[in-house]
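This report concerns only the one structure given below.
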Amino acid sequence: MPEDTAQVCVTDFDPADVDYAGWRERFPDLQKQCPVFKSTGQNGYWVAAGYPELTEMMRDWETFSSAKHWEKEGDVPTGGNVVPPVPARAFIPVETDPPKWKKYRFLLNPFFAPKAAKSYTGVVTEVATALIDRVIEKGEVDITRDFTNPLTALSTLRILGINYSEDEWRRWSLPFHQLAYARGTEEFGQCLADLEWIRQQLSAAVDLNWAEQQPGLFGTLCHANTAEGKLSKQELIDIGMMVLVGGVGTTTALFSNTMIYLSQDLEARQRLIDEPELLDKAKEEFVRYFSPINSQARTVTHDTEVCGASMKAGEQVLMALGAANRDERVFPDADTVILDRMPNPHVGFGAGIHRCLGSFLARVFFEVMFREVMTRMPDIMVDEARVRRFPSATSVNGLISVPATFTPGHKVGSGALA
Amino acid sequence: MKVRVNDDRCVGQGMCRLACPEIFELNDEDGHAYVKMTDVPPELEHAVDHAVRSCPEGAIETY
Ligand code: HEM
Ligand code: SF4
C-alpha cells in the first residue's frame, strides 16, 4: 500500500473473541479499508489482514516473534500463537523462535518432506478403510467425528509408532477435536483430562523406547542426537503432542468444510471425479478458501511501523491468514472456489519459517479421504440442517459435527482400528 | 529466460512444483525447491511465471 494512503483503522471487531460470528463478512470489508488494523477487543491488539503486509510480517520473525513464555501455574503467560496468551506450555516448534526453533524443526523436517509423507499413504488408507467399514452398512456417518477426526489422529499415532488399544481409539482422537471449540463448555473438562491422559501415554512411550527402540518416528526421535545431545522426556512429549495437535483439527476442518461444499456444488464434485488430475490444484484452493487455521498470533519484539501503524514492543499481532487468502489484490474472485486456480500463492499453511511442517502429510490425508469416500460412498450428501459449526472464528475454522447420508454398501474388512 | 530459487527465502511451500513440475522439484530433506534446469524453454515460460506468482515467499527469481 502506498505511503500516502496509509491510515490506521480502529475497530471493535474482535476476531479473537469466541462469541463473534460473521467474521467472513467483516474481514474483507475491513481489509479493503485497511490491510493492518487495530482491534479494541481483548486488551487491544493488531490484526494483519492484507496479503502483502501479512506475508512480509510473517517472514520477519525477528520482529514478530512466536515465542511463548509460561513455565508453571501462577505465571502470567506472554507471547505464543493465541490472542490473548493462554496459561499452558509452549507448543514446539510452533511457539518458539530460532535458534531453539531450528533445533526441533530440522530434526522433524525429513519425516514430513514430500517423499516421506507419500510413504504414509498405505497406513492412512488402512485407517480410512476400517473407519468406513464401521459405517458403510448404516448409510449414515458423521464426517467430522466418525471419519476425519479419528482418521488423522490414528494415522498419526501409527506414523509415530505409538500403540493404542481398540477400545481407546476415541480417547486418542476426540480431545484434539474438542480442543478447538469446546473451551467454555462442559465438554472442555473432559477434553483437558483426556489430553493429560495422552501426555501420560506419550511419557510411557518414551520409557518404552528408551528401554528398547520401537519402530516408527517416535522411537527415532527418542534416540536422535541433536547438537545438545538427546531430547529430554518433556521435549519428546511436547513434540508428540504438537504433531498430533497440528494435524488433527486442521485437516478435519479442511475435509469437513470441503464435503459441505461438495454437497452444494455438485458440478464441482463431478469435475473432481471426472478429472482426478484436478485434485492437486483443487486441494490448494480448498486450503485457501476455507483457511482451516484462519489466524495465528505474533508478539512485537521492538517498536516498529507497518503501513502507518506504530506497533510497540510487547503488543500482539493477529496474522489473519483467512483474510489474506481473500485479498482481491492477489486472488481475483477471491470469494469463489476456482478448482484449478493458478497462480495460487495462498498462505493457508502459513508463511515464513513456521510454515506448516505437515503440509505434505495433510495433502496425503486429503487425497486418501477424498478417494475412499468418493469410491465407497459416491452419493454421500451432507445433511446441512444438522451441521454444527464452531461457535466462533477462533483460530480454527472448523465444525463440531457434519452428519451425512449415503446408499449403504459392503464392508471390505473387519473395521478393527488398532 | 533463466530461473533460480533463492534458498534463503524458500520454506518449502511446494506451490512452484504444482505450477511447473517440469522445472521445479522438492528435496527429500526439508521439502525446499530446486530447479532441474536453469534455462526455461519458451513453452514453459508461462508455467514458470505461474510458479513465480504462486510462491508466497517470493523465492523464485527469473532473469
Ligand atoms: C490442512 C491441514 C493443515 C493446515 C491448514 C495447517 C496449517 C498450519 C499453519 C497455518 C501453520 C503455521 C503456524 C504459524 O505460523 O504460527 C502450521 C504449522 C505447523 N503445522 Fe500445520 N497445518 C495442517 C496440517 C498439519 C499436519 C497434518 C501436521 C502434522 C505433522 C501439521 C503440523 C504442523 C507443525 C508441527 C507446525 C509448526 C511448524 C513450525 O513451527 O515450524 N500440520 N500449520
Ligand atoms: S513455492 Fe516458493 S517457498 Fe515453496 S517450495 Fe517453491 S520456491 Fe520454495
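The values are calculated or read from the model by the stated rules, or taken from the named source; none is laboratory data. Quick caveat: nothing in here was measured; it's all calculated off a predicted structure. A quick note on method: Cβ atoms are made from the backbone with ideal geometry, for glycine too, and the neighbour counts reach across all protein chains shown.
From the list B:5, B:11, pick out the single residue that is surrounded by 20 or more Cβ atoms within 10 Å (Cβ to Cβ), at pLDDT 95 or above and within 11 Å of ligand 2 (Cβ to nearest atom). Spell out the reasoning first.
Values: B:11 fails: at pLDDT 95 or above.
Within the list B:5, B:11, the selection yields B:5.
Pick out, from region A:247-324, the strands (runs of 3 or more DSSP E) lying fully within it that include 2 or more residues that are within 15 Å of ligand 1 (Cβ to nearest atom). Let's see the steps before the verdict.
Working: elements: A:296-300, A:304-306, A:309-311, A:316-319.
Answer list for region A:247-324: A:296-300, A:316-319.
If I filter region B:18-37 for residues that are within 12 Å of chain A (Cβ to nearest Cβ), on the phi > 0 side of the Ramachandran plot, crowded, with 19+ Cβ neighbours inside 10 Å and near ligand 2 (Cβ under 10 Å from one of its atoms), do I get at least one hit?
Filtering region B:18-37 for residues within 12 Å of chain A (Cβ to nearest Cβ) gives B:18-21, B:24-33.
Still in the list and also on the phi > 0 side of the Ramachandran plot: B:31.
From the residues that got through so far, the ones that are crowded, with 19+ Cβ neighbours inside 10 Å too are B:31.
When the remaining residues are screened for being near ligand 2 (Cβ under 10 Å from one of its atoms), the result is B:31.
The answer is yes; a qualifying residue exists.
Being more than 12 Å from ligand 1 (Cβ to nearest atom), over 22 Å from the mean Cα position of the chain (by Cα) and free of Cβ contacts under 8 Å to residues at least 24 places away in the same chain: is that true of residue A:35 here?
Working: more than 12 Å from ligand 1 (Cβ to nearest atom): yes; over 22 Å from the mean Cα position of the chain (by Cα): yes; free of Cβ contacts under 8 Å to residues at least 24 places away in the same chain: no.
It is false that residue A:35 is more than 12 Å from ligand 1 (Cβ to nearest atom), over 22 Å from the mean Cα position of the chain (by Cα) and free of Cβ contacts under 8 Å to residues at least 24 places away in the same chain.
Considering only residues of region A:50-74 that are part of a loop (DSSP other than H, G, I, E, B) and touching a Pro at 6+ places or on another chain (Cβ under 6 Å), which is nearest to residue A:331 (Cα to Cα)? Spell out how you get there, then give the answer.
Filtering region A:50-74 down to residues part of a loop (DSSP other than H, G, I, E, B) leaves A:50, A:60-63, A:66-67, A:70-74.
Retained after the next criterion (residues that are touching a Pro at 6+ places or on another chain (Cβ under 6 Å)): A:50, A:70.
Working: A:50: 12, A:70: 39 Å.
Checking each candidate, the answer is A:50.
Part of a helix (DSSP H, G or I), of a type in the set (D, E, K, R) and closer than 26 Å to residue A:83 by Cβ: which single residue out of A:199, A:183, A:171 fits that description? Break it down stepwise before answering.
Working: A:183 fails: part of a helix (DSSP H, G or I); A:171 fails: closer than 26 Å to residue A:83 by Cβ.
So the residue among A:199, A:183, A:171 that is part of a helix (DSSP H, G or I), of a type in the set (D, E, K, R) and closer than 26 Å to residue A:83 by Cβ is A:199.
So, in region A:166-202, how many residues would count as being closer than 21 Å to residue A:239 by Cβ and out of contact with any strand residue (DSSP E or B) (no Cβ under 6 Å at 6 or more places or on another chain)? Even if it seems obvious, please write down each step before you answer.
Initial filter on region A:166-202 (closer than 21 Å to residue A:239 by Cβ): A:171-173, A:175-177, A:179-180, A:191-192, A:194-202.
Now narrow it down to the ones that are out of contact with any strand residue (DSSP E or B) (no Cβ under 6 Å at 6 or more places or on another chain): A:171-173, A:175-177, A:179, A:191-192, A:194-202.
Within region A:166-202, residues that are closer than 21 Å to residue A:239 by Cβ and out of contact with any strand residue (DSSP E or B) (no Cβ under 6 Å at 6 or more places or on another chain) number 18.
Can you confirm whether region A:345-366 contains a residue that is closer than 30 Å to residue A:126 by Cβ, within 13 Å of ligand 2 (Cβ to nearest atom), assigned to a helix (DSSP H, G or I) and at the interface with another protein chain (Cβ under 9 Å from one of its Cβ atoms)?
Within region A:345-366, one or more residues are closer than 30 Å to residue A:126 by Cβ, within 13 Å of ligand 2 (Cβ to nearest atom), assigned to a helix (DSSP H, G or I) and at the interface with another protein chain (Cβ under 9 Å from one of its Cβ atoms).
Given the condition among the basic types (Lys, Arg), part of a loop (DSSP other than H, G, I, E, B) and in contact with a strand residue (DSSP E or B) (Cβ under 7 Å, 6 or more places away or on another chain), answer yes or no: does some residue in region B:32-44 qualify? Break it down stepwise before answering.
Taking region B:32-44 and keeping what is among the basic types (Lys, Arg), we get B:36.
Within this subset, residues satisfying the condition of being part of a loop (DSSP other than H, G, I, E, B) are B:36.
If we keep only those that are in contact with a strand residue (DSSP E or B) (Cβ under 7 Å, 6 or more places away or on another chain) too, we end up with B:36.
Taking every residue of region B:32-44 in turn, at least one turns out to be among the basic types (Lys, Arg), part of a loop (DSSP other than H, G, I, E, B) and in contact with a strand residue (DSSP E or B) (Cβ under 7 Å, 6 or more places away or on another chain).
Of a type in the set (A, V, I, L, M, F, W, C) and either in contact with a Lys or Arg (Cβ under 7 Å, 6 or more places away or on another chain) or surrounded by fewer than 24 Cβ atoms within 10 Å (Cβ to Cβ) (or both): is that true of residue A:143 in this structure? Let's see the steps before the verdict.
Details: of a type in the set (A, V, I, L, M, F, W, C): yes; either in contact with a Lys or Arg (Cβ under 7 Å, 6 or more places away or on another chain) or surrounded by fewer than 24 Cβ atoms within 10 Å (Cβ to Cβ) (or both): no.
Taking the combined requirement at face value, the residue does not satisfy it.
Could you run through region A:88-113 and say how many residues are assigned to a loop (DSSP other than H, G, I, E, B), within 14 Å of chain B (Cβ to nearest Cβ) and farther than 12 Å from residue A:238 by Cα?
So the answer is 2.
In this structure, does residue A:391 turn out to be at pLDDT 95 or above and closer than 23 Å to residue A:257 by Cα?
Numbers: at pLDDT 95 or above: no; closer than 23 Å to residue A:257 by Cα: yes.
Criteria not met by residue A:391.
Is there a residue in region A:63-71 that is away from chain B (no Cβ under 14 Å), surrounded by fewer than 19 Cβ atoms within 10 Å (Cβ to Cβ) and either within 20 Å of residue A:325 (Cα to Cα) or acidic (Asp, Glu) (or both)?
yes
Residues in region A:179-197: is at least one within 20 Å of the chain's Cα centre (by Cα) and of a type in the set (Gly, Ala, Ser)?
To start, the set of residues in region A:179-197 that are within 20 Å of the chain's Cα centre (by Cα) comprises A:179-183, A:188, A:191-192, A:194-195.
Next, from what is left, pick out any that are of a type in the set (Gly, Ala, Ser): A:180, A:182.
Yes.
Please verify whether region A:61-70 includes one or more residues that are touching a residue at least 60 places away in the same chain (Cβ under 8 Å) and within 16 Å of ligand 2 (Cβ to nearest atom).
The initial filter retains those residues of region A:61-70 that are touching a residue at least 60 places away in the same chain (Cβ under 8 Å), namely A:61-67.
Okay, now just the ones that are also within 16 Å of ligand 2 (Cβ to nearest atom), so A:61.
Scanning region A:61-70 turns up at least one residue that is touching a residue at least 60 places away in the same chain (Cβ under 8 Å) and within 16 Å of ligand 2 (Cβ to nearest atom).
Among the residues of region B:45-52, are any assigned to a strand (DSSP E or B) and under 17 Å from residue A:343 (Cα atoms)? Write out each step before concluding.
If we filter region B:45-52 for residues that are assigned to a strand (DSSP E or B), which is where we start, we get none.
Within region B:45-52, not a single residue is assigned to a strand (DSSP E or B) and under 17 Å from residue A:343 (Cα atoms).
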